[in-house]
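Contents: one structure, followed by commentary.
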Amino acid sequence: MRLTLLATCLLLAATAHAAPDQPAGDMDKFLADKGLLNKIDQVRQSVGNKTSELVVNAMGFLGVPYKRGGNTVETGFDCSGFVRAIYEQSVGLLLPRRAEQQAAATQNIDKNDLQPGDLVFFNTLKRAFSHVGIYVGDGKFIHSPKPGAEVRVESMGVAYWARRFDGARRVPVTSPADNNGE
């Protein structure tokens, strides 16, 4: 409920600044009077902190071997097992197990809107969303690529990945209060 209220306020603030007829100061004053500007900034900061923590956490798994069906550091990871483990450990969110299920459970975004922590998908097995990694920024992603390899960071600009890019997705991050219906 709180997140919905804040999202609505963010939308109102954005449209208020976009509307030429309405003075932007009126909406800012309304939001400030209700104490919502501070809450909006707190949500922005919280989401930013979570994605930074997520990327740092993912980097801690560099060198863990690929294991088909693997989803722990002890057994090794496949691509979707790696993404699932990082999201569960970093933000407490349990994503579906398979890459195409992770794509279906997340929000489609434009490649130009990628932010650290977003998911990037590739067609590596002649089917959509057959490989997934976590965007770390600067055109790079971290993933568990294939048998015989280890978790590593690669550039999305490399020809192999650029040709196979299937889309970018954002994981909806909710607070524990939102999950409890408060």
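Nothing in this text is a laboratory measurement; each read-out follows from the coordinates by a stated rule. Note that this is a predicted model, so its numbers are computed, not measured. Using ideal geometry, Cβ is built from the backbone for each residue, glycine included, and neighbour counts are taken over all protein chains shown.
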Compute the Cα gyration tensor for the stretch 63-126, then decide on rounded, prolate or oblate, letting a ≥ b ≥ c be the square roots of its eigenvalues: rounded whenever a/c is under 1.5, prolate when a/b is larger than b/c in the other cases, and oblate in all that remain. prolate
Just need the relative contact order of the stretch 89-178 here, percent rounded to a whole number, with Cα pairs under 8 Å and 6+ apart. 32 percent
Could you pull out the GluC sites (Glu not before Pro) across the stretch 59-113 that fall in loop regions by DSSP (anything but H, G, I, E, B) with no more than 12 other Cβ atoms inside 10 Å? E74
The equivalent-ellipsoid semi-axes of the stretch 70-182, taken as the square roots of five times the Cα gyration tensor eigenvalues and listed largest first in whole Å, are 22, 17, 13
